[in-house]
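For reference, the structure discussed in these notes is given below.
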Amino acid sequence: MNKIYGENSIKVLKGLEAVRARPGMYIGDVNINGLHHLIYEVVDNSIDESMAGYCDKIDIEITNYGSVIIKDNGRGIPVGIHPTEKIPAATVVLTVLHAGGKFDKDSYKVSGGLHGVGISVVNALSKKLIVTIKREGNVYRQEFAKGIPTSELEIIKTTNQTGTIVEFWPDEEIFEVTEFDSEILIKRFKELAYLNSKITINFKDQRDGKKENFHFEGGLNQFVNDLNSKEIVANSINFSDKVEDIEIDFALLYNSSYSENLLSFVNNIKTPGGGTHEAGFRAGLTRAITNYISANANTREKDIKITGDDVREGLIAVVSVKVPEPQFEGQTKGKLGSSYVKPLVQKMAFETLCKYFEENPNEAKAIINKALMAARGREAAKRARDLTRKKDSFSVGTLPGKLADCQSKDPEISEIYLVEGDSAGGSAKQGRDRVFQAILPLRGKILNVEKARIDKILNSDEIKNMITAFGCGIGDEFDIERLRYHKIIIMTDADVDGSHIQTLLLTFFFRFLKPMVEAGYVYLAQPPLFRYKKGKKEIYLKDEKALNEFLIETGIDGVNFEGIGNKDLIEFLKIVSHYRMILNELKKRFNVIDVIRYIIENSDILAKNYSEIYEIIKNFLEKNGHNILNSYVNDDNIRIYVQTEQGLEELVINDNFFSNPLYEEAVFVFNKLKERDLNFDKDYIEILSEIEKNAKKGAYIQRYKGLGEMNPDQLWETTMNPENRRLLQIKIEDVISASETFNLFMGDEVEPRRNYIQDHAKDVKNLDI
């Protein structure tokens, strides 16, 4: 198929310099994204073997001891002595920065690991890495620490298989977090399986036993259908072709939504920043649809001007290109910059879609009707904007009457509070610093923009007021340079209605004013939940955790525990408070909480079999006066039916219970308590309750449900004064994930939302009934 992939294929460009000193240059950051990028770099090498035709299975496993194992059945990294480096080629690949088979065009026609830095960077940023290579009848093994070989490449046994196994432990000295998130990884591996329909990817997480297997014969066609959650307007279309050594694949469908969902990939690398391949696809799609309308629509429809935004309303698409030498923006490959790719993708998309439309007139008609409806909505929105401007030209001022503007005209220091209700708005207007703080009260809940087109949205008074106040326009006329405030602060009540208003506003910003969010201009105010008043002492506390900690610090005054200092006692009781919180959460999921607590605090019983565990639990229940009505035990689980004050309760103990993250957290926190070993005679939680009771004696604790409960001075001091306030800045970490979330919670499909609520009902912490 290809020329021999051997030691002569490995080209050396530069040594492994500065990776540990500046890891962000190579993996983006040293937080959760950079951590997962290590795995992606190794997996991408296996995918490159697949694209070259030598690998059809990849196994990824997260271990209990902090490492990740990536195994493939490709050719195996070459092991012969490198002609210029005079050491094994595999050692070169793992220790020299720009070294690999990706620079040798005979070894890999296309690859995701363009720069040849992937696995050497992984090695440099790992406290330990073990590579095992099956090749040429032997199994080879070599160990490294922080990029430096700690053993020679040696033969450990013979084999008739081929492939590469890489196991690495990320270095805590480099990374802020070293705990892998299986959900993030699963999403990436699923994408890879869609993009490579011949490959099988198996994932296993030893920590919780989670297993996933991905293999999609339907490829991109199956991908776009699985991305869709709305009513389909036009069935999926899938095309694949090769032009001038570039493989171009795309699939698309149209649904009833008003938004676009387009994913793009280059050599299997996701490009969230888009690039020339996306631009080419969009241009080809727009031209194919406008041409079809010109040739086939009636006279009235031909008069409607169609834009690119119109043809992408309701579009779900995946564009994947395989490019021999792609030019990315940085090692994290977020955007394709190869200019020659755009015309090739545009030409293919245009020609194949034109042919498809001619052969499938019903599908074509559904798509052009969708585009025409979007264009009519856009024209209606333009008329609504023009009408608003006309009205404004006859009024005294162009700003909304409810807006209490600030004196400053400098957007960098100006901020606007979007306040729920006229009452809270009145307090905010009185309490603010009018030099730089503007207040815009919002009446009730704004329109859910996820279910409406732009023309209807612009007829909403509350939305028109916001757009006018911001000054930057919307849609085609949006210009962030004209934004009048660089802090837009959503300030709502700390209840369910307030959270709903926050969500409605964030949906509006995400769908129609996204550049403002991306620029970091949108914030959530964090008013305090509690006010503690005792005599002349008054303090505001941001949440329940802060209240609990304050009660501990206040309540130990006058309480003496012999031999225990106040500082040690406070720290201990804060851990007890955390432990109590976890037990309260477990109480929502499991019956007979005192049994659950007993198991947590005697976790050594896990070494026993279920029959022995049953006897221990049975003795505990009888000793504590519980009436056992029935019980059942086998090798897999225990079921005990207990009569309690609340009625008949079923207690179930099985592997799912012991692997529950809350249970594991409870054991971890309790062990922290045991390590401190303060030797109290009483139960820890009883002592905590007594101290909290002491702190509450003679005190008034108010829980704020609404901003209107605060007077202007209180609102200023707690929520608006830059010296004291807390603001949460809204960021978009993953555009596609955010879009899916808004679609799930704010869209018109009820069934997915109902399923989510049922799956997560027990996770609710604050519920207003």
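No value in this document is a laboratory result; all are computed from the given coordinates. Bear in mind the structure is a predicted one, so any value in this text is a computation, not a measurement. Cβ coordinates were reconstructed from backbone atoms using ideal geometry, including for glycine residues, and neighbour counts include every protein chain displayed.
Just a few scattered comments:
- Where only alpha carbons of the chain are counted, the Rg and the Dmax (Å): 31.0, 93
- Across region 662-671, computed HN-Hα scalar couplings (Karplus, 6.51 cos²θ - 1.76 cosθ + 1.60, θ = phi - 60°) run 5, 4, 4, 5, 4, 4, 4, 5, 4, 5 Hz from first to last residue, x flagging Gly and Pro.
- As a ratio to 2.2 N^0.38 Å, the alpha-carbon radius of gyration for region 219-378 is 1.02.
- Positive minus negative residues near N711 (Lys, Arg vs Asp, Glu; Cβ under 12 Å): -2
- Rounded, prolate or oblate (a/c below 1.5 giving rounded, otherwise prolate when a/b exceeds b/c) for region 567-679 by Cα gyration tensor: prolate
- The separation of region 129-195 from region 17-66, counted between C-alpha centres, amounts to 9 Å.
- Here the spin labels are modelled as points 7 Å beyond Cα on the Cα-Cβ line, and at K536 and I605 they lie 5.5 nm apart.
- Look at the alpha carbon pairs under 8 Å that are at least 6 residues apart: their mean separation over the length of region 567-679 gives a relative contact order of 28 percent.
- Measuring r between the beta carbons of I81 and S659 and using R0 = 45 Å, the FRET efficiency lands at 0.40.
- Annotation for region 571-630 versus region 451-472: alpha-carbon center distance of 55 Å.
- The loop-placed GluC sites (Glu not before Pro) in region 583-660, going by DSSP, that have at most 16 neighbouring Cβ atoms within 10 Å of their Cβ come out as E645.
- Average Cα contact separation per residue, the chain, under 8 Å, 6 or more apart, as relative contact order %: 9
- By the Kirkwood approach, averaging reciprocal distances over each pair of separate Cα atoms, region 417-456 gets a hydrodynamic radius of 11.6 Å.
- Between Q206 and I570, the contour length at 0.36 nm per residue exceeds the alpha carbon distance by 127.4 nm.
- Evaluated with a Cβ-only charge set (Lys, Arg +1; Asp, Glu -1), region 219-378 carries a dipole of roughly 440 debye about its Cα centre, given to the nearest 20.
- Extension gain, S339 back to Q430 (0.36 nm per residue minus Cα-Cα distance, nm): 27.2 nm
- Spacing of the two label points (7 Å from each Cα toward its C-beta) at R141 and E612, in nm: 3.3
- Shown here for region 647-723: chymotrypsin sites (Phe, Trp or Tyr not before Pro) in loop regions (DSSP other than H, G, I, E, B) with at most 15 other Cβ atoms within 10 Å, namely F680.
- Positive-end ranking of V669, N584, I246 along the dipole of the chain, with charges on Cβ about the Cα centre, is headed by I246.
- Check: the chain dipole with +1 on Lys, Arg Cβ and -1 on Asp, Glu Cβ, in debye: 2020
- Exposure proxy shown here: for E85, E462, the number of other Cβ atoms within 10 Å sets the order, fewest to most, as E85, E462.
- Shape category assigned to region 37-94 from the gyration tensor of Cα positions, a/c cut at 1.5: oblate
- Positive-end residue of L529, I439, F180, charge dipole of the chain with Cβ unit charges: I439
- Along the axis of the charge dipole computed for the chain (Cβ charges of +1 for Lys and Arg, -1 for Asp and Glu, origin at the Cα centre), the listed residues N711, I653, I62 are led at the positive end by N711.
- Between N627 and V496, full extension at 0.36 nm per residue minus the direct alpha carbon distance yields a gain of 43.2 nm.
- At an R0 of 56 angstrom, the distance between the Cβ atoms of I304 and L524 translates into a FRET efficiency of 0.90.
- At an R0 of 45 angstrom, the distance between the Cβ atoms of I593 and I480 translates into a FRET efficiency of 0.30.
- Calculated [θ] (222 nm, deg cm²/dmol) that DSSP helices of n ≥ 4 give over the chain, each run adding -39,500 (n - 2.57): -12500 deg cm²/dmol
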